[in-house]
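Presented below is the structure to which this report refers.
The values are calculated or read from the model by the stated rules, or taken from the named source; none is laboratory data. Note that the structure is a prediction, hence the values are computed from the model and not measured. Ideal geometry is used to build each Cβ from the backbone, glycine not excepted, and the neighbour counts take in all protein chains shown.
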There are 2 protein chains.
Amino acid sequence: MKILDGKIIRDEILARLKTEFAKFPTPSRLAVIQIGECDDSTAYIRQKKIFADKIGATIEHIKFPENCSSEEIIEKIGVLNADNGVHGIIVQLSLPKDFNTDEIIEAINPNKDIDGLTAKNLRRFLVGDLDGLIPATARGILRLLDYYQIPIAGQRATIIGRSLLVGKPAALALLARGATVTICHRQTKNLAAIAKEADILITAAGQNNLVGKEFVSSGQTVIDVGNDVDSVAVKDMVGALTPTPGGVGPMTVACLFENLLKARIIKSLK
Amino acid sequence: MKILDGKIIRDEILARLKTEFAKFPTPSRLAVIQIGECDDSTAYIRQKKIFADKIGATIEHIKFPENCSSEEIIEKIGVLNADNGVHGIIVQLSLPKDFNTDEIIEAINPNKDIDGLTAKNLRRFLVGDLDGLIPATARGILRLLDYYQIPIAGQRATIIGRSLLVGKPAALALLARGATVTICHRQTKNLAAIAKEADILITAAGQNNLVGKEFVSSGQTVIDVGNDVDSVAVKDMVGALTPTPGGVGPMTVACLFENLLKARIIKSLK
């Protein structure tokens, strides 16, 4: 079995981005808005800061208390949209439940929306155009497959999970690259049998050890986004597997900063 | 085999819409922009006019010559957006190839976008919300399945075709209703075998007689959007089939006018 190491590719992207970002006369700045104190969010932001430091980009970490209003956040996004020194804006998801996530995300200028979640960027992605700002996890999955020369076009790709952040973007990305795509979720019957038919299985369920022997087949490529795979059980069966940690996670961070570069170039062209 | 007659449901929707539209003090108006003289477009617009006449709505058919500019069309859309007496705006697709379809569609006020193709409406649909303005063919497919009490949640639905107008919206609609969805297209290998596995097979390929015996299985529901099915070959095998004409086509027209009603209600609420 081949281990699909995301850290190697992450380091290559890191080196390239460091060179590219150094060409600009001013620092590249990413604003990260965090609402509340969710531990997962804090950990994800820390990963982004570590990466930003290494490539010479700046993260402005903006914290709002959980009892703030959507209007305050949207007002802050407006200030960041207008600031020419800010090249990317993300709102760390998921938000505490009283907030209207869609309305807050939509306030971001699509040219600075490096999470690729505004309507304008999602529409372009839905049309099948992969050259815009698409969600970093989807981009990371494509980069991983391409690096390890795993074919996509004409292959059966099955995704477990239909979230707006991971499952649906992964499906759109693989579809745009010519895979025959199946989307599974908690209502899917015979999940294991369907997963087994895939050439490329992407799991984004967030259920430890959901994916065991009965989900996989010989030669299959398994991309474990949600830490769902019982790697001990499947390692002697599948053809290739991402480790966790060290698989999709590092790719997602690196691809987010690829989007920051893209956003800065969009800006430069104006 | 059960025939999934779209005309019966179309007539029920027609009667309901006639009653609903009669409640407004002014006529409900739909502006249809046609660029060039494509025969298919002219025929589709004629269908819409016939339906509009029956429910007491008005269609304003606006023709542009093929040698007009995108700016002229976008300017006209701006006038229609600003006109409170216009409740829906559609641009009859597909456009002659020199036009930037996405840019023209995006000029439509999302509250009048009854084809459901602007970024704002597509994003809402992508999130999984079926209550907004979604493309009429996708809505028509759901209405057909519901009318004939064909279950969707937990079923395997396979779509042949990945267009922005039909294939992808059908996939999103069935996914939002809990189906396990597979999207096939011209790069799909073993298309017949994959189609055969479906509980609900939706064909939107636009290839006469593509779907023969080897694509279908016993008890399967087949929705023929693209006139792709060799109905003589499959009729004794499948459980249910839409006729062409008389299946999805009439549903699409009826659901477009359901969207016009929805758009007018959105407006009334403001």
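A compact table of results
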quantity: Test: residue in segment A:38-49 that is at pLDDT 95 or above and of a type in the set (Gly, Ala, Ser); calculated: no
quantity: Close pairs from segment A:115-134: first within 12 Å of B:Arg124 (Cα to Cα), partner at pLDDT 95 or above and among the acidic types (Asp, Glu), Cβ under 7 Å, at least 6 apart; calculated: A:Thr118/A:Glu106; A:Ala119/A:Glu106
quantity: Unique match (being closer than 18 Å to B:Ile200 by Cα, at the interface with another protein chain (Cβ under 9 Å from one of its Cβ atoms) and modelled with pLDDT of 95 or more) among B:Ala157, B:Ala138, B:Ala119, B:Ala153; calculated: B:Ala153
quantity: Flag if A:Cys38 is closer than 23 Å to A:Pro250 by Cβ and of a type outside the set (Phe, Trp, Tyr); calculated: yes
quantity: Hits in segment B:208-227 - residues which are hydrophobic (A, V, I, L, M, F, W, C) and surrounded by fewer than 22 Cβ atoms within 10 Å (Cβ to Cβ); calculated: B:Leu210
quantity: Where a residue in segment A:174-196 is under 15 Å from A:Asp224 (Cα atoms) and more than 8 Å from chain B (Cβ to nearest Cβ) and its partner, wherever it lies, is outside any strand (DSSP E or B) and aliphatic (A, V, I, L, M), with Cβ under 7 Å and at least six apart; calculated: A:Lys196/A:Val216
quantity: A:Ala193 being buried (at least 24 other Cβ atoms within 10 Å of the Cβ) and in the same structural domain as A:Ala233 (by TED's automatic domain parsing); calculated: no
quantity: Elements of type strands (runs of 3 or more DSSP E) in segment A:171-252, at least 3 residues being farther than 22 Å from B:Ala179 by Cβ; calculated: A:221-224
quantity: Residue count, segment A:26-76 (criterion: free of Cβ contacts under 8 Å to residues at least 12 places away in the same chain and not hydrophobic (A, V, I, L, M, F, W, C)); calculated: 10
quantity: Criterion: over 22 Å from A:Lys112 (Cα atoms) and crowded, with 21+ Cβ neighbours inside 10 Å - qualifying residue of A:Ala176, A:Ala205, A:Ala170, A:Ala254; calculated: A:Ala205
